[in-house]
1. Which residues' amide hydrogens lie under 5 Å from the amide hydrogen of Val182, considering only partners 5 or more residues apart or on another chain, with H built in the peptide plane?
2. So how far apart, in nm, are the two label points at Ser262 and Thr618 if each is 7 Å from Cα heading toward Cβ?
3. Residues of the stretch 619-703: accessible area per residue at 1.4 Å, in Å²?
4. Counting alpha carbon pairs within less than 8 Å and at least 6 residues apart, what relative contact order, in whole percent, applies to the stretch 148-281?
5. Once Lys and Arg get +1 and Asp and Glu get -1 on their Cβ, which of Leu360, Asn673, Ser73 lies farthest toward the positive end of the dipole of the chain?
6. What is the sum of charges around Arg257, taking Lys and Arg as +1, Asp and Glu as -1, for the other residues whose C-beta is under 12 Å from the C-beta of Arg257?
7. So what are the radius of gyration and Dmax for the Cα set of the stretch 134-217, in Å?
8. Just the number, please: Stokes-Einstein D of the chain in µm²/s, Kirkwood Rh from C-alpha pairs, 20 °C, 1.002 mPa s.
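The values are calculated or read from the model by the stated rules, or taken from the named source; none is laboratory data. This structure is a prediction, so every number in the text was calculated from the model and none was measured. Cβ placement follows ideal geometry from the backbone for every residue including glycine, while neighbour counts extend to all protein chains displayed. Keep in mind that these areas ignore ligands, DNA and RNA; they rest on the heavy atoms of the full protein, side chains included. Shrake-Rupley method; radii C 1.70, N 1.55, O 1.52, S 1.80 Å.
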Amino acid sequence: MQRSRAHASIRFALLATAVAGLACSGHGPGEQDAEARAAAGIETVDDARLRNATSEPESWLTYGGSYAEQRYSRLDRIDATNVGELGLAWSFETNTKRGLEATPIVVDGVIYTTGTWSVVFAIDARTGKLLWRHDPAVPRATAGLACCDVVNRGVAVYAGRVYAATLDGRLQALDARTGEVVWSVRTVDPSRPYTITMAPRIVKGRVILGNGGAEYGVRGYVSAYDAQTGELAWRFYTVPGDPSKPYEHPELEQAARTWDPSSEYWVVGGGGTAWNSVAFDPDLDLLYVGTGNGSPWSHEVRSEGGGDNLFVCSILALDPDSGRLVWHYQTTPGDQWDYTSTQDIVLADLEIEGRPRKVLMHAPKNGFFYVIDRETGVPISAEPFVPINWAKGMDRSTWRPIVDESLDYENEIVTIMPSPHGAHNWHPMSFNPETGLVYVPAQESVFFFKEDPDWEYEPGSWNVGYDKTILTISPPDVVSGHLLAWDPIAQKEAWRVQYAGPWNGGTLTTAGNLVFQGTAHGTFAAYRATDGAVLWEQPSGTGIIAAPVTYLLDGEQYVAVMAGWGGSFPLSAGEAAKAAGVHDLTGRLLVYKLGGQAKLPVHEVREREIAALPADFTPEEVQAGSDTYHRWCLVCHGPGAISGGVLPDLRKAAPEIYDSLEAIVLGGAFEGNGMPRFDRWLEPTDVAKIRTYLLARRARMLAGDPSSPR
Ligand code: CA
């Protein structure tokens, strides 16, 4: 929230340099564009087009539809009166069965999108014909470092190139015409468990990119790379490093005062990873970046329970030229619940109490909806948009949450709302300037927290510092999701569409008085933006988590969405995620238009017969197996070994799998499928315990007792 005083002069100096550079340079971005345009064979995207993306609604030029990330389209040929005639125009199968999170980019008749394992597709926007496919060959062992599935949220396009990040931490510039790699840079230290799932953004000729990994133990940062060359322009670390070494930039000195050095936070990394949200205000010349949770989760473990731990769970306003901090606002000081602020940041101009305000809107995991003055970083309002219990309210003099200290989880198990899946996760929200409403994929969930008294840092492994074995108490059952239409000025709910489960898709809103959203239970729907009336809905084959986009070609408006069930919730929530009722996991890009007649291909899902296997174990053996399983396998295979529908259900494996567990778990036999090897941490005796647990769980399932994790 504090504006850095020293910064103003630095900024002025940089501005002067930039202006001078512009005047002297004989080779401005415009000329390079012209060359690339000719080479690419498609009309290219330059800074002016990116700045004016909203006035070019026939395209979808950036991740959030514009630098303001409103995900609002001025297209209105499909509207509330005719959306009932919407039908499938064509579909494109990605040949994957895991989460699809990408927002497609549409420019000049071509769709650029991504699938699992960071594969990039260029597809004819009229027909669905594949133009090219780029597979960056992500090592499959990287899956073991990815908290939240082997997903990717899409690309950026600029000057004839397509920019995409890879799960294993590379940033690549591809020739938009062919998909060939123009340049590729490694953006992370490969010895640390960094991953990248976010869509890069292009701001002033640079590629803005962060990374993830805070569940495993990394130090967060956001970088800017020269879009032409891939050269690093600047890097802003979101948390301080080893204090015995010089700080990379002065803001870290300020940040370090909010950490307890006796915890040696820099060994694990501290977190604060900027893994998703970026917005840009060209007029204020401010770049907004959301940062993630502290690492490990436990504040006690991370910082002896003291200090705000800047800049975790914060919004950072950076100077896009220098990468220096202009202001910050921390949504969850001293985070201990995985309350990332990496949820999308939406810029809008609102009239509040008779005054026009330039705001940013943000609905992070912690459950507060923030309306913040985006020039100063001072909140204007902040109210819970779902039931929460970690905070009792907001102190409006300091804009700090009033944390409920009685819910300390150092020594006892406490129930916290929202869960680490968040009141809202990465699934993008949208803002419609005509209705004045924000459409949030909201969710209600609880989680049991307790610090792990035996926690020790295990490099490259899950390092959150909570006791995962307590998650067997009972499956999280207070989980639901809804499409929330939120009035940001009144800070109250306008309407909602209730769903059975959470983890529904991102939203798109249009000038046709519509909101589009895919659901976890495998449908794609259109609602009237003013009141939430369901106007159209069709089965989508599989659960949708991504956000739709819309575009115009030959006078026809299309709506496109990636359909592919996955991400952290289906991996880790077992029975609760399975309730989404997803059967066919075929990943696809679905594209709709009025009168579309295409049929969604149906893939038969046949349940294999599950043979009974010997499972004569003592309760103690099962308990030991449960503890080992939940410590090491839960995050991807679900509590109670119940699959949430993405990875194979380990209770239902072919009999020979249980005899091959050592080769799989320790030897990496299935590494090519994304099953990491655990021989760094586990012994054959541990694998035997896991085997015991899986067989016991199988027996219980066959006995008709599927849900209790024990
Ligand atoms: Ca996290």
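1. Ala173, Leu174, Asp175
2. 4.2
3. Result: 42 Å² of accessible area for each residue.
4. Details: 288 pairs, mean separation 26.9, N = 134.
Across the stretch 148-281, relative contact order equals 20 percent.
5. Selected residue: Ser73.
6. Numbers: positive: none; negative: Glu251, Glu253, Asp260, Asp308.
Net charge in that neighbourhood comes out at -4.
7. For the stretch 134-217, the Cα-based Rg and Dmax read 12.6, 38 Å.
8. 84
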